[in-house]
Amino acid sequence: MGQWAIVSGIEGNLAAYEAVLEDINQQPHTVSDLYILGDVIGLQGSNQALLQRLQSPHSGEPNLHICIGWWEEQCFSLHGLSGLPDAPELMAQFGGDGVQRLWGSVLREDVQWLRSLHFGFHELDCLLIHGSTVSYADELTPNTPPITLCDRLIRADANTLFCGRSGLAFECQVEPTQLRSTVITLDGSHEPQEQEKTPRRVVGVGSVGRSPGQATYALYNPNTNAVTFKTIDYDASSNLHQLSTHSTPVL
Amino acid sequence: MKLAVISCIHGNLEALDAVLSDIDRQQVEQIYCLGDLVGYGPYPNEVVEKIRSLDIPICQGCWDEDIVEGLNACECSYPSQLSEKRGRLAHEWTNQVIHPEVRDYLAQLPMTLKQQNLSFVHGSPNSQHEYLLPSMDGFAALERVLSAGADVLFCGHTHVPYVRELENAVLTVTVQQPGQADAQQQFTAPLKRIVNAGSVGEPRHGRPNATYVLYDADTTQVALREVPYDYQKTCAAIVDRGLPAIFAWRLAQGMEFAERADDPSHVCQR
């Protein structure tokens, strides 16, 4: 079974995406699948060019799996397809200018294509999703309260939850060690139950396009369960990028 | 201070009167209601007017929301397809008989209520449609109480009363980030509780009696109360007023046969 490359937050940054693809291509261990956890569109480049690139993968590239994210949901809202009308979250964060730019940068037929994408993926014992099963906007970070991380993993029904909402690269090992639960009903008290769970983790996969000139993504080996973070410096000014890469294994 | 918490009255005026009489005998200082005043039962307007007349703080239930906004939730409004089919009939009947001022009242109800370390919700802090079952994962249940910022979380929605105590919680998180040293954080939590008030008007614990809970804020003691009443009067009224007879049968049995939740942890994505 080949490795998975897991990315998020391309945000229309085609140069960053191409840099990541080139880095993936140079990996010593085959990358069989590329998961993109939402935010393919955004305000960091040409959404049109990026979407055309995604819809026309090149021969030899990993199998592509794309799910929707925050930016896609804002687009759907603007087009009256889901959520609250007129994208209030987008307006609050990026103002009227951001709303106009997003509206003008995605063709209607591409909106329909984005609507066909998944909400997330359950693969092996992993959930790969933009935010969490609570919401696309659920931002999990190393500072998220432990009990919240634990809850999201329970909801995910997975040992590893890969997410991209925060744009951060991190791994949080969550170990619910103990909990005593006692239930009393009309029929009386039940025996207390001692609860514990096997360790599981939340992995933030970084962001490809959010920071011009530097892209971060994650590599996951399903055979060893190991996660490695990759950071790539690239020339944001042209498609002929100069590559400088370094990687950080998470043991 | 002694509280009474009632929930899920569902248009059952007879049951509500019986519960209020029982509460009168308990030296209660404050009553809270966790919503679902209407739906399934024959007297939705009368139930709402009685609750309003007593100035009982109330949070909005899933049925109250559905009557206000229409049935535009995803399928999780109902725990199964069979209950959805039956529920739609009840919704249509209630929608036709509800008075405009009652609908307006239900529309302005808050999602949650808070009093010091006590929180009151219909389903869960996340949604009126989420079931907090006593069998749900303990850590997930603990998260619900903590997310409400409470020591005791009162809820309804399941129509079966219970008290769940969650204590001695220990959770460890180890954080690894590129370019940074590993960091470990340990989480512990004191005793937290979920108290489900059951249902006044449409019980599902196997008996037709109304249920509610008493809570003593000074001693933190909880008492689950079961109140018999003349449920046959309500059953007769259900049929007389044109509601499906199945609801009368179900009330008399005190059960939700064939309507157990397929996925109680599901939260509406509408």
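Over all pairs of different C-alpha atoms in chain B, the reciprocal of the mean inverse distance, the Kirkwood hydrodynamic radius, equals 19.0 Å.
Note on A:188-194: average number of Cβ atoms from other chains within 10 Å of each residue's Cβ is 2. Dipole check for the protein assembly as shown: with +1 at the C-beta of Lys and Arg, -1 at the C-beta of Asp and Glu, and the Cα centre as origin, the magnitude is about 240 Debye. When +1 charges are put on Lys and Arg Cβ atoms and -1 charges on Asp and Glu Cβ atoms, the dipole computed for region A:87-126 relative to its Cα centre reaches about 220 debye.
Compactness check for region A:65-173: Cα Rg over 2.2 N^0.38 Å is 1.15.
Ordering B:LEU171, B:LEU133, A:GLY164 by Cα displacement along the dipole of the protein assembly as shown toward the positive end leaves B:LEU133 in first place; charges were set at the Cβ atoms of Lys, Arg (+1) and Asp, Glu (-1).
Using Cα pairs closer than 8 Å and at least 6 residues apart in sequence, work out the relative contact order for chain B, in percent. It would help to have the intermediate numbers written out before the result.
Numbers: 598 pairs, mean separation 67.0, N = 270.
Relative contact order of chain B: 25 percent.
Bridge orientation summary for chain B: considering DSSP beta bridges with both residues in this region, about 70 percent are antiparallel. Here the relative contact order of region B:89-223, from alpha carbon pairs under 8 Å that lie six or more residues apart, stands at 19 percent. Take the alpha-carbon centre of region B:206-257, take the same for region B:1-47, and report the distance between them in whole Å. A separation of 10 Å, based on Cα centres.
Take each residue in A:168-177, count the other chain C-beta atoms within 10 Å of its C-beta, and the mean is 6. Comparing B:PRO42, B:PRO244, B:PRO125, which has the greatest mean-square fluctuation in the GNM of chain B with Cα pairs linked when under 10 Å apart? Its mean-square fluctuation being the largest, the pick is B:PRO244.
When B:MET111, B:MET1, B:MET255 are ordered from fewest to most other Cβ atoms inside 10 Å of their Cβ, what list results?
Numbers: B:MET111 15, B:MET1 11, B:MET255 19.
The most exposed by this proxy come first: B:MET1, B:MET111, B:MET255.
Taking every residue in B:174-186, how many Cβ atoms of other protein chains lie within 10 Å of its Cβ, on average? Mind dumping the intermediate values first?
Working: counts 7, 10, 14, 10, 15, 5, 3, 0, 4, 2, 2, 5, 3.
Partner Cβ neighbours, averaged per residue: 6.
Each of B:TRP249, B:TRP93, A:TRP71 was scored by other Cβ atoms within 10 Å of its Cβ. Arranged with the fewest first, they read B:TRP249, B:TRP93, A:TRP71.
Averaged over residues, the count of other Cβ atoms within 10 Å places the peptides A:16-27, A:45-56, B:5-16 in the sequence B:5-16, A:16-27, A:45-56, highest first.
When chain B is treated as a Gaussian network with alpha carbon springs shorter than 10 Å, the biggest mean-square fluctuation among B:THR172, B:THR188, B:THR219 belongs to B:THR172.
For chain B, give the magnitude of the charge dipole about the Cα centre (Cβ charges: +1 Lys/Arg, -1 Asp/Glu; no others), in debye to the nearest 20.
Details: 21 positive and 35 negative charges, 55 e Å.
Approximately 260 debye in magnitude.
Within the shell of other residues whose beta carbon sits under 11 angstrom from the beta carbon of B:ILE6, the net charge comes to -1, with Lys and Arg scored +1 and Asp and Glu -1. With the charge dipole of the protein assembly as shown set up from +1 on Lys and Arg Cβ and -1 on Asp and Glu Cβ about the Cα centre, the Cα lying farthest toward the positive end among the listed residues B:SER83, B:LEU3, B:GLY61 is that of B:SER83. Take every Cα pair under 8 Å whose residues are at least 6 apart in sequence, average their separation, divide by the length of region B:1-143, and the relative contact order is 23 percent.
With the simple spin-label model, which puts each label point 7 Å out from Cα in the Cβ direction, the B:GLN221 to A:PHE119 separation comes to 4.5 nm. By the count of other C-beta atoms within 10 Å, a proxy for reagent exposure, A:HIS58, B:HIS99, B:HIS129, A:HIS79 are ordered fewest to most as A:HIS58, B:HIS99, A:HIS79, B:HIS129.
Lys and Arg at +1, Asp and Glu at -1: add these up for the other residues within a Cβ distance under 10 Å of A:GLN44 and post the number. Working shown, then result.
Numbers: positive: A:ARG210; negative: A:GLU11, A:ASP39.
Once all neighbours under 10 Å are counted, the net charge is -1.
Go through A:84-93, A:110-119 and give me the packing order, highest mean Cβ count within 10 Å leading. Mind dumping the intermediate values first?
Working: A:84-93: 13.5, A:110-119: 15.0.
Ranking, from highest mean packing down: A:110-119, A:84-93.
Using just the C-alpha positions of region B:83-185 as equal point scatterers, what log10 of I(q)/I(0) does the Debye formula give at each q in 0.14, 0.20 1/Å? Treating every Cα as an identical point scatterer, log10 I(q)/I(0) equals -0.75, -1.10.
In terms of the mean number of neighbouring beta-carbon atoms within 10 Å, the peptides B:20-32, A:168-180, A:208-220 order highest first as A:208-220, A:168-180, B:20-32.
Report the gain in length on full extension from B:LYS114 to B:THR188: 0.36 nm times residue separation, minus Cα-Cα distance, nm rounded to one decimal.
Extending this stretch completely gives an extra 24.3 nm.
DSSP beta bridges in the protein assembly as shown, what fraction antiparallel, as a percent rounded to 5? If I count the DSSP bridges inside the protein assembly as shown, around 70 percent turn out antiparallel. Hey, quick one: spin label on B:GLN253, modelled 7 Å out along Cα-Cβ, who in region B:181-213 has an amide N within reach, i.e. under 20 Å? Hits in region B:181-213 for B:GLN253 at 20 Å: B:199-211.
May I ask what percent, to the nearest 5, of DSSP beta bridges between residues of region A:124-199 are antiparallel?
Working: 5 of 8 bridges.
Just about 60 percent of them are antiparallel.
Ellipsoid semi-axes for region A:1-89, based on the Cα gyration tensor and the rule √(5λ), read 27, 13, 10 Å when sorted largest first.
From the Cα gyration tensor of region B:1-103, with a ≥ b ≥ c the square roots of its eigenvalues, which class applies: rounded if a/c is under 1.5, or else prolate if a/b is larger than b/c, or else oblate? Prolate shape, in that a/c is at least 1.5 and a/b is the bigger ratio.
Calculated FRET efficiency, A:ASN159 to A:GLU89, Cβ-Cβ distance, R0 = 25 Å: about 0.20 to the nearest 0.05.
Could you tell me which of rounded, prolate or oblate describes chain A, using a ≥ b ≥ c as the square roots of the eigenvalues of the alpha-carbon gyration tensor, with rounded for a/c under 1.5 and, failing that, prolate when a/b is larger than b/c and oblate otherwise? Since a/c reaches 1.5 but b/c is at least a/b, the shape of chain A is classed as oblate. First check a/c for the protein assembly as shown, with a ≥ b ≥ c the square roots of the eigenvalues of its C-alpha gyration tensor; if it is under 1.5, answer rounded, and if not, answer prolate when a/b is larger than b/c or oblate otherwise. Prolate is the answer for the protein assembly as shown, as a/c is 1.5 or above and a/b outweighs b/c. Note on region A:47-112: dipole from Cβ charges, positive end direction compared against A:SER105, A:HIS79, A:GLN93; the farthest Cα belongs to A:SER105.
No value in this document is a laboratory result; all are computed from the given coordinates. Source: prediction; values computed, not measured. Positions of Cβ are generated from backbone atoms using ideal geometry, with glycine treated the same way; all protein chains shown enter the neighbour counts.
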